[in-house]
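The values are calculated or read from the model by the stated rules, or taken from the named source; none is laboratory data. As the structure is a computational prediction, the values presented were derived from the model and not from experiment. Note that we place each Cβ from the backbone using ideal geometry, even for glycine, and neighbour counts take in every protein chain shown. Surface accessibility is based on the protein's heavy atoms, side chains included, excluding ligands, DNA and RNA. Shrake-Rupley method; radii C 1.70, N 1.55, O 1.52, S 1.80 Å.
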Amino acid sequence: MKQSHFEHRHMAEWEQFSLLLDRLERDRQAEGAAHFPADYRRMCQHLALARERGYSSFLIDSLQQQVLRGHQQLYRHRSQLGANALGFILAGFPRLVREQWRFVLAASLMFFGSLIVFAGLVYLFPELVYNLIPVEQVSEIQSMYDPDAGHLGRSVERAASEDWAMFGYYITHNIGIAFQTFASGLLFGLGSAFFLVYNGLMIGAVAGHLTHMGYGQTFWSFVVGHSAFELTAIALAGAAGLQLGWALIAPGRLPRAESLLLMARKSVLLICGVMMFLLIAAFIEAYWSSRTAPAPLAKYLVGAALWVLVAVYLLFAGRSRHAPE
């Protein structure tokens, strides 16, 4: 392609990119910032083509100048994204949890309440476990936590090299539960309420049954490490789902669709924090919880410390020193 044709075809695009750079150099959040990375890649392609085809040094220098300016803005933009993500982790997420405390409290009562009550009932009346969990599955669970088996949280011993695979499995499994609990809130909150109670009953049934069987030490020493992040994440996913349901039940003066959209923005942010918690929980479960070498007391102490850490983070992180929340 002749240089004149190349310039004629792309000149308008280059001028638009130059104007976008001018705006971004004045304001990082200027209009067009969202598609800037794609525009920058196009400019890099045009520069590479101009060099490959031996176009004039004037054109190449002009394109290279635009690419250099774009490079500065790209990494400036990425740094801002990183800062925003860090700000959300350190302050934004716990603030959002406290802001939505009513939904968080309701979800926690459904989930942890059903878990604790049913765990106690199954411990006192062991046959209740079979009303919720099939006999075959109960036997498999028993084999996973049998003190004589020599392993924790799995039906067979695995090599340390397989921990990464279990890490991926735990992430997929836990995110599936969290997303199910969240998304079902679109059924006017009933779906989220159902999965909160159901998951609480399931976990409570397992805990009560294994404790009654005398497998309490192996079970509790396994779950105590990652449970702070995992169980809290499930409750928060339910809270996000209840938010969606409430937006449909009580939209106020807004149309239901607008009310749902408004609430969904906060719910999605809450789910981003839930994903972070589940990632941490999966890492702990794969690389710490299943270890048989640490003494149970050490695992209990670590687990207690993690529960305190989660509580302090959600209750106090991101608070302003001057203005109460």
Contour minus end-to-end for L105 and M276, with contour as 0.36 nm per residue of separation and end-to-end as the Cα-Cα distance? 59.5 nm
FRET efficiency for F179 and E25, using Cβ-Cβ distance with R0 set to 41 Å, rounded to 0.05: 0.55
At a Förster radius of 45 Å, what calculated FRET efficiency corresponds to the Cβ-Cβ distance of D39 and F194, to the nearest 0.05? 0.45
Relative contact order of the chain, defined on C-alpha pairs under 8 angstrom at six or more residues apart (%): 22 percent
For helix 216-249, report the angle its Cα long axis makes with the longest principal axis of the Cα atoms of the chain; keep it between 0 and 90° and round to the nearest 10°. 60 degrees
Would you work out what percent of the accessible area of the chain, with all protein chains in place, is carbon or sulfur (probe 1.4 Å)? 66 percent
Given a Förster distance of 25 Å, report the FRET efficiency between L90 and L262 from their Cβ-Cβ distance, rounded to the nearest 0.05. 0.50
Packing rank of 269-279, 41-51, 211-221, where each peptide gets the mean count of other beta carbons within 10 Å, highest leading: 269-279, 211-221, 41-51
For the chain, the longest principal axis of the Cα atoms and the Cα long axis of helix 57-87 enclose an angle in degrees, to the nearest 10, of 20 degrees
Calculate how steeply helix 256-284 sits against the longest principal axis of the alpha-carbon atoms of the chain, using the helix alpha-carbon long axis, and give the answer as 0 to 90 degrees to the nearest 10. 70 degrees
Taking only the alpha-carbon atoms of the chain, the convex hull volume per residue, in cubic angstrom, is 216 Å³
Quick check: net charge around Y55, other residues with Cβ under 14 Å of its Cβ, Lys/Arg +1 and Asp/Glu -1? +1
Run the numbers for L128 and S62: contour at 0.36 nm per residue of separation, minus the present Cα-Cα distance, in nm. 16.1 nm
